[in-house]
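Nothing in this text is a laboratory measurement; each read-out follows from the coordinates by a stated rule. Small disclaimer: the values here were computed from a predicted structure and weren't measured. Every residue, glycine as well, gets a Cβ built from its backbone with ideal geometry; the counts of neighbours run over all protein chains shown.
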Amino acid sequence: MICFTLSANTLDGMSAQVDRYHGCFDMLELRLDLLSQEERDKLLQSAGAPAWLGEAPLILTFRRQSDGGAWNGEDAPRLKYVLSLVESHAASLVREGSSVFIDLEDDVVAIAAGREVAAAAARHGVQIIRSRHDFEGTPDDPAAVIGELASCGGPGEIPKLAVQVRGSRDLVRLIKAADAVRGGADCGTGSGTGSGAGAERSAGRVILVGMGPYGFPSRVLSPRIGSFLSYGSDPGEGRGHVAPGQIDPRSMAEVYRCRTQGPHTEVFGIIGNPVLHSRSPAFHNAEFDRQGRDAVYVPFPTDDIEAFRELMTLLDIRGLSVTIPHKEMVAGWFTSNADKGSSCSPEVSAVGACNTVTRDSGGNLVGANTDVAGFLEPLLRRVPDLHSRGVTVLGAGGAARAVVYGLLSAGARVLVLNRNQDRAALLADEYAHLGQISSGALSPDSLSLMATHNDIIVQTTSVGMAPDVDSDPISFYDFTGTEVLYEIIYAPPKTKLLSRAEDAGCSVIGGEEMFLTQAKLQAQLFAQTANI
Ligand code: ATR
């Protein structure tokens, strides 16, 4: 379920948020701490609850600063306010048939005011979410913490654990805990930790939140991992999202289809670092939606590739895109450090980079590199025969490797220019057996070499990429107008170099086309896994 956290500081502002995201949420969370005192008083004094509060099941939350909220006063007035609100509006909403929850931190069971709120909630049919927030990291045994949360209050409370996920290892711990809790709830016998009994007491409902970029997968996979709900918020509310790693409820509903996922939804994803701004999730999720496949594609910011392999098993990940900086390391899964039964396409070994991983019918990993064909196809549409064409490639990094391999395989003559000239020379040496290749510096000294390699110019460096949009890696080169300029950067859609080539009358190819071509090829490989 998607819970939309209302974050405006007035009731009218919150009502406008409800309108803005209408149809994209299953629950609402009213963040009392984000309202001004005046607005809180207004809410309490109003004759009944505003109608929009009854639009969906409602969570009332009055969050302290120490738990990531805005309230920096004493606990007593905070809990007294919640108690009054339960007695007035919450109780009447329940009587009218709505589900109402209050979020109470686990430590307030130790104080009378906290117990009083819980007792009032129980009297009025208001359910309790018993929460704990850890902004330092993920505990060693999150399942045990969930067990503590589930048993510290009354029966039927829903434990909620929100933890800062500091890296891939923390995410593994959190997902394992989700499994353990689910196991306990499903079989009713516990899972060997304290969590099983806790899950039973809460009728299997548990809320797990991984905060921060590394925790993002837990937010968009919540139904898949068995979390009762996942929170989304409105980024347009001045303060931005209310918790680290949140996204808006529309993206949760429409891109990640959080409302239709279930325990059997197949998981695909992209690993990289950073990767949360990748366009691949929008592309592949739309593709799964079009195919009617119960699958979701998630960005996994990854700082530890070995930990990620554990996640692959835990989540039974069916297919992966791989991006910077992991392409070379993942190629190692198929070459230097290959698993028995795994296999890869010749491009992966030749380029030393893998951007796509799928599984065969036996569950073995299969590596591919769709960057090579993704690069070549748009070029071949402009220049069908690359044989003996002179091509200058700017850059000698990971992206250049796939480009140079593709060009040499198609018979082109290649000149590699790089800021670090030794790196260009190494690349040329490594690929010398594949065809005609030379190298030089990315400087005016290479102009005469470029003069014989200027049918096509391919730009693979990061120069000109947002936010560095005013830079041009070959400002020293004047286009004649006959070159084909191929830019692999897609943000911005027109780099300074691409605009300059276009103005000179050159045929140009932007990074968007390569992105889409490689993504479509990847989608075909993912589609093949549907039948196994
Ligand atoms: P990718 O996988 O995207 O190719 P990479 O392997 O880090 O990433 O390579 C980045 C490329 O951009 C390299 O060719 C790099 O040149 P160096 O090898 O000299 O580092 C190039 N690059 C990055 N910043 C640059 C700059 N300011 N000027 C020129 N080239 C630059």
Query raised in the report: Within region 51-113, which GluC sites (Glu not before Pro) sit in a loop by DSSP and count at most 12 neighbouring Cβ atoms inside 10 Å?
Result: GLU74, GLU96
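Dividing the convex hull volume of the Cα atoms of region 81-171 by its residue count, what figure in Å³ per residue is obtained? Spell out each step's value before the answer.
Details: hull volume 9.4 nm³, N = 91.
That works out to 104 Å³ per residue.
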Query raised in the report: Are any of the pairs LYS80/LYS160; LYS327/LYS496; LYS160/LYS520; LYS496/LYS520 more than 30 Å apart by Cα-Cα distance, and if so, which?
Result: LYS160/LYS520
Report task. Can you tell me the relative contact order of the chain? Whole percent, Cα pairs under 8 Å, sequence separation 6 or more. Result -> 8 percent
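Once the Cβ-Cβ distance between ARG259 and GLU310 is put in as r, and R0 is 25 Å, what FRET efficiency do you end up with, to the nearest 0.05? Let's see the in-between values first.
Working: r = 28 Å, r/R0 = 1.12.
About 0.35, to the nearest 0.05.
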Query raised in the report: So how do 45-51, 253-259, 401-407 stack up, highest first, on mean other-Cβ count within 10 Å?
Result: 401-407, 253-259, 45-51
Query raised in the report: Angle, helix 305-314 long axis vs. longest principal axis of the chain, Cα atoms, 0 to 90°, nearest 10?
Result: 60 degrees
Query raised in the report: Pairing the Cα long axis of helix 168-187 with the longest principal axis of the chain, what angle in degrees results, from 0 to 90 and rounded to the nearest 10?
Result: 50 degrees
Query raised in the report: Over what distance in Å are the Cα centres of region 346-367 and region 220-296 separated?
Result: 25 Å
Report task. Would you work out the charge dipole size for the chain about its Cα centre, treating the Cβ of every Lys and Arg as +1 and the Cβ of every Asp and Glu as -1, and quote it to the nearest 20 debye? Result -> 720 debye
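Let's test the formula: R0 of 41 Å, r as the Cβ-Cβ distance of ALA527 and GLU148. What FRET efficiency results, to the nearest 0.05?
Numbers: r = 44 Å, r/R0 = 1.08.
Computed FRET efficiency for ALA527 and GLU148: 0.40.
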Query raised in the report: Of PHE476, HIS133, LEU161, which is farthest on the positive side of the dipole of the chain, counting Cα position, with +1 on Lys and Arg Cβ, -1 on Asp and Glu Cβ, and the Cα centre as origin?
Result: LEU161
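Could you give the dipole magnitude of region 372-516 about its Cα centre, charging the beta-carbon of Lys and Arg +1 and that of Asp and Glu -1, in debye to the nearest 20?
Values: 10 positive and 17 negative charges, 41 e Å.
In debye, rounded to 20, region 372-516 gives about 200.
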Query raised in the report: Using helices alone, what [θ] at 222 nm do you get for the chain, with -39,500 (n - 2.57) per DSSP H run of 4 or more residues, divided over all residues and rounded to the nearest 500?
Result: -11000 deg cm²/dmol
**Report entry** Shape parameters for the chain, alpha-carbon atoms, Rg then Dmax in Å
**Finding:** 27.5, 86
Report task. Work out, step by step, the length gained on full extension between ASN364 and GLU38: first 0.36 nm times the residue separation, then minus their alpha carbon distance; give nm to one decimal. Result -> 111.3 nm
**Report entry** Projected-area mean, region 372-516, by convex hull of Cα positions, square nanometres
**Finding:** 7.4 nm²
Query raised in the report: Hey, what angle do you get for helix 370-382 against the long axis of the chain, alpha-carbon based, 0 to 90 degrees rounded to 10?
Result: 50 degrees
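Please give the contour-minus-distance gain from ALA441 to ALA338: 0.36 nm per residue of separation, less the Cα-Cα distance, rounded to one decimal in nm. Could you put the intermediate results ahead of the total?
Values: separation 103, 0.36 × 103 = 37.08 nm, distance 3.59 nm.
Here the answer is 33.5 nm.
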Query raised in the report: So in the chain, what percent of DSSP beta bridges are antiparallel if you round to the nearest 5?
Result: 10 percent
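With charges set only on the Cβ (+1 for Lys and Arg, -1 for Asp and Glu), what does the dipole of region 1-57 come to about its Cα centre, in debye to the nearest 20?
Here the size comes out at about 20 debye.
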Query raised in the report: Considering the dipole of region 2-115 built from charges on the beta carbon (Lys and Arg +1, Asp and Glu -1) around the Cα centre, which of CYS24, GLY68, ALA113 is farthest to its positive end?
Result: ALA113
Requested in this report: Could you tell me which trypsin sites (Lys or Arg not before Pro) in region 296-398 are loop residues by DSSP with no more than 13 other beta carbons within 10 angstrom of their beta carbon?
Outcome: LYS340
Query raised in the report: Along the charge dipole of region 372-516, which of SER499, PRO378, TYR486 sits closest to the positive end, that is, farthest toward it, with unit charges on the beta carbon of Lys, Arg, Asp and Glu (+1, +1, -1, -1)?
Result: PRO378
Requested in this report: Mind checking the full-extension length gain between SER349 and ASN420? Use 0.36 nm per residue of separation minus the Cα-Cα distance, one decimal, nm.
Outcome: 23.1 nm
Report summary line: Here, PHE135 and ALA112, labelled 7 Å along Cα→Cβ, have an inter-label distance in nm of 3.1 nm
